[in-house]
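Here's the structure we're looking at; comments come further down.
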Amino acid sequence: MAKYFKGSAGQGPAPQFIPALAPQRAAASDRAVAMREAYSNGVRAKGFTVTIAAGTSAFSVDLSGMARNFLGFGWRLLAAPAGVTTAQLVINNDVVVDSTLLQHFEVNGATSDRDYYPFPRPLNGQDTIVFNFTQAGSTASTGYLVVYYI
């Protein structure tokens with residue numbers, strides 16, 4: 001027995017077993033790569049409660065610095081806004097949506113089968129995403145925004 005514990009002899013698997021483990025190690029490595037890829041390419045959603053003031057107002061969307069692609073957004077309005085409310089979406093100085101009635105982007109499981117309205121745009125991690133509103137009513141409204149991104 002003593003010969004197996006001297007120096008570094010006997011410290012690792014016998015050389016004849018190393019090639020037999022290679023396919024298993026490769027398969028485990030492939031699974032790990034696939035899991036990292038699925039995580040980094042997974043769709044994410046972030047929700048916001050937005051107060052839309054009478055007159056003009058703006059709301060900045062803050063996403064993770066890891067966000068690479070803006071996919072789209074959806075609104076849920078529990079009560080109709082106090083007046084005609086139009087929205088503008090600007091992503092990194094690109095006007096994506098301009099002067100559009102906010103209700104056009106509402107998602108509701110009871111009346112619509114969509115999760116969001118797609119407006120895919122690349123992101124760089126230091127993005128400026130702003131919704132600008134113009135509301136003709138005299139009181140503020142509350143809306144619930146969800147943004148989808150990768």
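The values are calculated or read from the model by the stated rules, or taken from the named source; none is laboratory data. Keep in mind that this is a model prediction, so the values were computed, not measured. As a convention, Cβ positions derive from the backbone with ideal geometry for all residues, glycine included, and neighbour counts pool all protein chains shown.
Taking the range 98-123 as the region of interest, how many residues are touching a residue at least 40 places away in the same chain (Cβ under 8 Å) and either loosely packed, with under 14 Cβ neighbours inside 10 Å or farther than 16 Å from residue 80 by Cβ (or both)?
Going through the range 98-123 one residue at a time, the tally reaches 10.
Give all pairs with beta carbons closer than 7 Å in which a residue from the range 133-146 that is surrounded by fewer than 16 Cβ atoms within 10 Å (Cβ to Cβ) meets a residue that is of a type in the set (Gly, Ala, Ser); count only pairs at least 6 apart in sequence or on separate chains.
Once the first residue is surrounded by fewer than 16 Cβ atoms within 10 Å (Cβ to Cβ) and sits in the range 133-146, its partners that are of a type in the set (Gly, Ala, Ser) give 136/83; 138/54; 138/82; 139/54; 139/82; 140/53; 140/54; 144/47.
Before we move on, is residue 31 at pLDDT 75 or above and over 30 Å from residue 76 (Cβ atoms)?
The answer is yes for residue 31.
Any chance you could count how many residues in the range 126-150 are in a loop (DSSP other than H, G, I, E, B) and of a type in the set (A, V, I, L, M)?
Qualifying residue count, the range 126-150: 3.
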